[in-house]
Amino acid sequence: MQHGPAVRRRKLGAELRALRAGAGLTSGEAARLVGWHQSKVSRIETGASGVKPADVRLLLDAYAVRDSQLRDLLMVLAGSDDGDERQHWWHAYRGVLPPTYRDFISLESQATAMRTLETSVVPGLLQTPEYARAVTRAAVDGPDDDRLDALVEVRLARQDVLRADPPLELHAVLDEAVLRREVGGPEVMARQLERLTRAARLPQVRLQVLPFAAGAHIGITGPFVIFSFSNTSDLDVVVLDHLTSSLHLERKEDLEAYTEAFNSLRYHALSIEDSLDFIAAIHHDK
């Protein structure tokens with residue numbers, strides 16, 4: 001049985017392999033320390049098989065890993081329910097959240113930085129309740145009121161990462177279409193633009209607008225998210241959202257390509273100060 005999505009298995013395995021090497025142990029020596037066969041350690045490190053949270057804890061103890069943040073991150077990748085409520089609050093919504101969305105939230109909750117290009121809607125971390133409800137109603141096929149309420153609750157609860165200590169650092173590039181599409185109607189959109197203006201002044205949020213005048217750009221093919229982790233860049237991942245699933249890109253060349261793409265978008269977008277003025281002008285016109 002495989003525990004957790006493939007991207008998390010491979011990233012977890014790669015990090016455990018690096019920690020073992022850092023401890024000066026061979027896979028056989030590590031296996032003997034925890035009472036396993038060497039092949040089990042190898043399968044875990046290559047991502048060929050899943051690993052239970054209890055097994056990860058054994059390996060971290062064997063490798064004398066004391067960094068609490070790194071331990072917490074690796075336990076989340078292993079699907080652990082341990083830790084504080086902020087890290088695992090989404091488990092209460094298992095009945096309404098697909099696995100790919102739960103995986104996205106788990107990465108978001110542990111990441112130290114998030115870079116995102118949005119071409120259609122305001123990033124979930126910056127949405128007002130009314131805007132979130134309108135987006136969710138449009139994106140989900142005929143949700144009943146209870147499910148709609150739950151999905152909106154989840155979207156709003158995700159925003160706690162911006163108020164955490166330390167907070168998630170969010171850098172968002174928004175296509176002008178995001179600001180002009182009247183999701184939920186004029187009043188809802190006006191309040192959403194006010195929210196964006198307030199959020200953009202937070203020290204942990206950097207917001208840039210990519211105006212229509214910039215013409216075609218490298219992000220025209222669609223939105224993406226890059227999650228970064230302070231403990232190790234080997235855990236960084238790109239997430240591409242589709243209608244029914246999410247694609248995780250973890251190869252070094254993919255990360256480098258999307259990082260270069262984001263830097264290009266930043267360059268062609270308005271400055272943070274000019275972006276605030278741009279949002280204010282659109283708000284004034286509504």
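The figures follow:
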quantity: Signed unit charges on C-beta, dipole axis of the chain, positive-most listed residue VAL122, TRP36, PRO203; calculated: TRP36
quantity: Under the Karplus curve 6.51 cos²θ - 1.76 cosθ + 1.60, θ = phi - 60°, whole-Hz ³J(HN,Hα) for segment 223-229, x wherever Gly or Pro sits; calculated: x, 7, 10, 10, 9, 10, 10
quantity: Anisotropy class of segment 129-247 from Cα gyration tensor, a/c 1.5 cut; calculated: rounded
quantity: Rough spin-label spacing in nm, given labels placed 7 Å along Cα→Cβ, for ALA216 and HIS91; calculated: 4.9
quantity: Among THR221, THR116, THR259, residue whose mean-square fluctuation peaks in a GNM of the chain (springs only between Cα atoms under 10 Å); calculated: THR221
quantity: Rounded tilt (10° steps) of 53-62 against the dominant C-alpha axis of the chain; calculated: 60
quantity: Stokes-Einstein D (µm²/s) once Rh is taken as the Kirkwood radius of the chain over alpha-carbon pairs, at 25 °C in 0.890 mPa s; calculated: 120
quantity: Listed residues SER106, PHE278, LEU12: farthest to the positive end of the dipole of the chain (Cβ charges); calculated: LEU12
quantity: Computed over the chain: relative contact order in percent, which uses C-alpha pairs under 8 Å that are six or more apart; calculated: 18
quantity: The chain: most fluctuating residue of HIS248, HIS171, HIS268 per GNM, C-alpha cutoff 10 Å; calculated: HIS268
quantity: Rounded to 5, the percent of DSSP beta bridges in segment 156-286 classed as antiparallel; calculated: 55
quantity: Backbone HN-Hα couplings from phi across segment 195-202 [Karplus 6.51/-1.76/1.60, Hz, Gly and Pro as x]; calculated: 4, 4, 4, 5, 5, 5, 8, 6
quantity: C-alpha long axis of helix 272-285 to longest principal axis of the chain, angle in °; calculated: 40
quantity: Dipole magnitude of the chain about its Cα centre (Cβ charges: Lys, Arg +1; Asp, Glu -1), debye to nearest 20; calculated: 720
quantity: Gaussian network model of the chain, Cα within-10 Å springs - most flexible of ASP160, ASP274, ASP145; calculated: ASP145
quantity: Lys pairs, the chain - Cα-Cα below 30 angstrom, 8 or more residues apart or on other chains; calculated: 6
quantity: Extension reserve of the ALA157-THR46 stretch, reckoned as 0.36 nm per residue once the Cα distance is removed; calculated: 36.6 nm
quantity: Using alpha-carbon coordinates, inclination of helix 99-110 to the longest axis of the chain, degrees; calculated: 90
quantity: Segment 11-140 - percent relative contact order, Cα under 8 Å, separation 6 or more; calculated: 18
quantity: Å² of accessible area per residue within segment 176-268, as computed with a 1.4 Å probe and no ligands counted; calculated: 53
quantity: Accessible surface of the chain, 1.4 Å probe, proportion on carbon and sulfur as whole %; calculated: 51
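The values are calculated or read from the model by the stated rules, or taken from the named source; none is laboratory data. All of these numbers come straight from a predicted model, not from anything done at the bench. Virtual Cβ from ideal backbone geometry, glycine too; neighbours counted across all protein chains shown. In case anyone asks, the SASA skips ligands and DNA or RNA and just uses the protein heavy atoms, side chains included. Shrake-Rupley method; radii C 1.70, N 1.55, O 1.52, S 1.80 Å.
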